[in-house]
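Here, each number is a calculation from the coordinates, and none is a lab measurement. Source: prediction; values computed, not measured. Every residue, glycine as well, gets a Cβ built from its backbone with ideal geometry; the counts of neighbours run over all protein chains shown.
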Amino acid sequence: MIQDSSLIVFEDVDGAPVRIGETVKIVSTSADDSMNRRFLGQAGVVVALVFDDPDLQYPHDPLIQVRVGEAGEDLFFPEELELAPEWARRRIAELRQSVRDAERRELERMS
């Protein structure tokens with residue numbers, strides 16, 4: 001039996017380069033050309049931190065799992081990502097909240 005020592009974290013980790021839920025932009029391809037180019041230039045949301053070798057990587061060097069709209073999810077190295085500017089993060093948070101509010105009102109209306 002092979003044991004997988006990977007650690008996948010779905011909450012913020014002190015010392016990690018990003019926070020869960022943070023908006024990032026995929027800005028460069030990896031040196032080993034393993035990144036799918038359909039993600040290049042796209043913005044997405046951090047959904048998890050993946051530590052393939054937790055003893056060496058935790059907490060500062062995770063692979064970062066990002067959800068990019070219709071393109072799906074993939075893992076990225078920290079150097080492949082750029083944080084969205086503060087004004088953009090604030091606007092995205094406001095839009096997400098307005099969608100949640102609209103969904104809640106719709107559910108209340110249907111009840």
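What FRET efficiency comes out for R38 versus I8 if R0 is 25 angstrom and r is the Cβ-Cβ distance? Round to the nearest 0.05.
Values: r = 23 Å, r/R0 = 0.92.
Efficiency computed from Cβ-Cβ geometry: 0.60.
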Problem - Karplus-derived 3J(HN,Hα), 6.51/-1.76/1.60, for each residue of the range 61-73, Hz, glycine and proline x - result: 10, x, 7, 10, 8, 10, 9, 10, x, 6, 6, x, 10
Practice task
Please list the non-local residues whose amide H lies under 5 Å from the amide H of E73, H modeled 1.01 Å from N, same-chain partners needing a gap of 5 or more.
Solution key: V68
Problem - Residue of A16, A93, A84 that the Gaussian network model of the chain assigns the largest fluctuation, springs spanning Cα pairs under 10 Å - result: A93
Completion exercise
In whole angstrom, the spacing between the Cα centers of the range 71-111 and the range 9-24 equals 15 Å
Exercise for the section: Can you tell me the dipole magnitude for the range 7-84 around its Cα centre, using point charges on the Cβ only (Lys, Arg +1; Asp, Glu -1), in Debye to the nearest 20? Expected result: 400 debye
Practice task
Name the residues whose placed amide hydrogens come within less than 5 Å of the amide hydrogen of V13, ignoring near sequence neighbours (fewer than 5 apart) on the same chain.
Solution key: I20
Completion exercise
Mean separation of Cα contacts under 8 Å (at least 6 apart) over the residue count of the range 7-84, i.e. the relative contact order in percent, is 35 percent
Exercise for the section: Return one number: the angle in degrees, 0 to 90 and rounded to the nearest 10, between the long axis of the Cα atoms of helix 86-110 and the longest principal axis of the Cα atoms of the chain. Expected result: 50 degrees
